[in-house]
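The values are calculated or read from the model by the stated rules, or taken from the named source; none is laboratory data. Since the structure is predicted, the reported quantities are computational estimates derived from the model, not experimental observations. Cβ placement follows ideal geometry from the backbone for every residue including glycine, while neighbour counts extend to all protein chains displayed. What goes into the accessible areas is simple: the full protein's heavy atoms, side chains included, and nothing from ligands, DNA or RNA. Shrake-Rupley method; radii C 1.70, N 1.55, O 1.52, S 1.80 Å.
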Amino acid sequence: MTATEQQLSEGADESSSWVKQDMVYIKTAIVLGVFTAIEVFTYFESVHKAPDWLLVITLSFLMVIKFFLVTAVFMHLRDDNAVFTKLMVLGLCIAWPVYFIMAFTFGFLPNWNPILKVLFLLVPPSITGSWLGFSFKGGTGSHH
Amino acid sequence: MTDTAIDQTSNEHSDGDHGSTLGVSNDKLGMWVFLGSDCLLFGGLISTYMLYKDRIGPDDLGPAEMFDIPFTSVSSFVLLMSSLTVVLAITALRRNDIRRSRIWLLATSVLGAIFVGGQVYEFTVFYREGLGYTTNLFGTSFFTLTGFHGVHVTVGIVMLMSLYIQSMRGKLTSGQSEKLEIIGLYWHFVDVVWIVIFTIVYLFPQ
């Protein structure tokens, strides 16, 4: 292969990699658009008659997926240092019980059995927090 | 700190290399820290809205009567698509396609302006229908939350337009794509916050 041919080939590879990256963004935007359409669909009369708890769970689920798609793909959290993801997850672990205690206290959620409430408040952040605890490797402690 | 370490630090500063040990520049790290603090601000505003949304007078209009979901859905879609245009502007700039990066930058600003315009229209309609900032606690918490978000979008548009002007003057090249990346982070954050506000404020059963 001549030098010119090699340069052309490298240029084509680079161009193809940019196209691939743009396509990932476009596909993500399409998924986000579809999820938004599903969310709006729940507003219409026939679907809106569904029980409130079902609507809240469905909408929350879609909201969380959209949130993570934007942060992971558009904000490049999946490519940045893992410590950013861990810090975000740590914040969410703390926010989970705080927000849901508020939601139960002010009656935004049904008045479940107290044991069920405690499990709901503590189990998801405990599991995620344990994963975080194991994932932090720690340094050598040699600061000097 | 040893002499070698001091030398290394002074060399890094003299070279203008401001990288952090996390693999991102200090500028970018600063933006992440700011966005973290902004999460707390919006977390507080959303909680306040949730607490006060039912505090309306017997003759006042509530969220169920006021919100125009189809209209807000279109605004939300516009803001969501502006996240796409900003990443396309970043990749175009990285591959030194300045012309396309300018087009995407301008498109992002226009989409942001459409969103803010929609919000101003919505606020005007609410005001005409009798919901002012001090009418009731629902009005106060709603206007504070969505108004703060609108101000964030407006600041984002100003920053994007300043980058557009820099690009027109030839001061935004592929070597400086991080500038756009940092503003892009801010823009995506504004989008992420709207994803949460749109679901909790507008779509959750009232």
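Can you confirm whether A:Ser60 is loosely packed, with under 12 Cβ neighbours inside 10 Å and either part of a helix (DSSP H, G or I) or at pLDDT 85 or above (or both)? No; evaluated as a whole, the condition is false for this residue.
Among the residues making up region A:63-101, none is touching an Asp or Glu at 6+ places or on another chain (Cβ under 8 Å) and not assigned by TED's automatic domain parsing to the domain that holds A:Gln21. For region B:80-97, a residue qualifies if it is open to solvent by 40 Å² or more (accessible area, probe 1.4 Å) and more than 10 Å from chain A (Cβ to nearest Cβ), and exactly one does: B:Asn96.
Quick check on region B:48-79: of everything there that is open to solvent by less than 20 Å² (accessible area, probe 1.4 Å) and among the hydroxyl-bearing types (Ser, Thr, Tyr), which residue is farthest from A:Asp79 (Cα to Cα)? For region B:48-79, the residue satisfying everything is B:Tyr49. Number of residues in region B:40-66 that are within 22 Å of the chain's Cα centre (by Cα), farther than 29 Å from B:Met161 by Cβ and more than 8 Å from chain A (Cβ to nearest Cβ) equals 3. Selection of region A:94-128 for residues being closer than 30 Å to B:Leu22 by Cα and within 14 Å of chain B (Cβ to nearest Cβ) yields A:Ile94, A:Ala95, A:Trp96, A:Pro97, A:Val98.
The listed residues are B:Val151, B:Val196, and the only one of them that is within 12 Å of chain A (Cβ to nearest Cβ) and not polar (S, T, N, Q) turns out to be B:Val196.
Which members of region B:156-169 meet the condition of being within 27 Å of B:Val201 (Cα to Cα) and in contact (Cβ under 8 Å) with a residue 24 or more places away in the chain? Full working, then the answer.
Keep residues of region B:156-169 that are within 27 Å of B:Val201 (Cα to Cα), which gives B:156-158.
Correct list: B:Gly156, B:Ile157.
Could you tell me whether B:Ile182 is of a type in the set (A, V, I, L, M), within 14 Å of chain A (Cβ to nearest Cβ) and touching an Asp or Glu at 6+ places or on another chain (Cβ under 8 Å)? For B:Ile182, the condition - of a type in the set (A, V, I, L, M), within 14 Å of chain A (Cβ to nearest Cβ) and touching an Asp or Glu at 6+ places or on another chain (Cβ under 8 Å) - is met.
Looking only at residues in region A:13-37 that are at the interface with chain B (Cβ under 9 Å from one of its Cβ atoms) and of a type in the set (S, T, N, Q), which one is nearest to B:Leu84 (Cα to Cα)? Ranking the qualifying residues of region A:13-37, first place goes to A:Thr28. Looking across region B:41-75 at every residue that is β-branched (Val, Ile, Thr) and assigned to a helix (DSSP H, G or I), the one that is modelled with the lowest pLDDT is identified as B:Ile69.
Is it fair to say A:Val40 is away from chain B (no Cβ under 12 Å) and at pLDDT 85 or above?
On the way: away from chain B (no Cβ under 12 Å): no; at pLDDT 85 or above: yes.
No; evaluated as a whole, the condition is false for this residue.
Residues that are buried (at least 20 other Cβ atoms within 10 Å of the Cβ) and modelled with pLDDT of 90 or more within region B:165-178 comprise just one, B:Ser167. Does B:Leu111 satisfy the condition of being more than 9 Å from every other protein chain (Cβ to nearest Cβ), closer than 23 Å to B:His149 by Cβ and in contact with an Asp or Glu (Cβ under 6 Å, 6 or more places away or on another chain)? The answer is no for B:Leu111.
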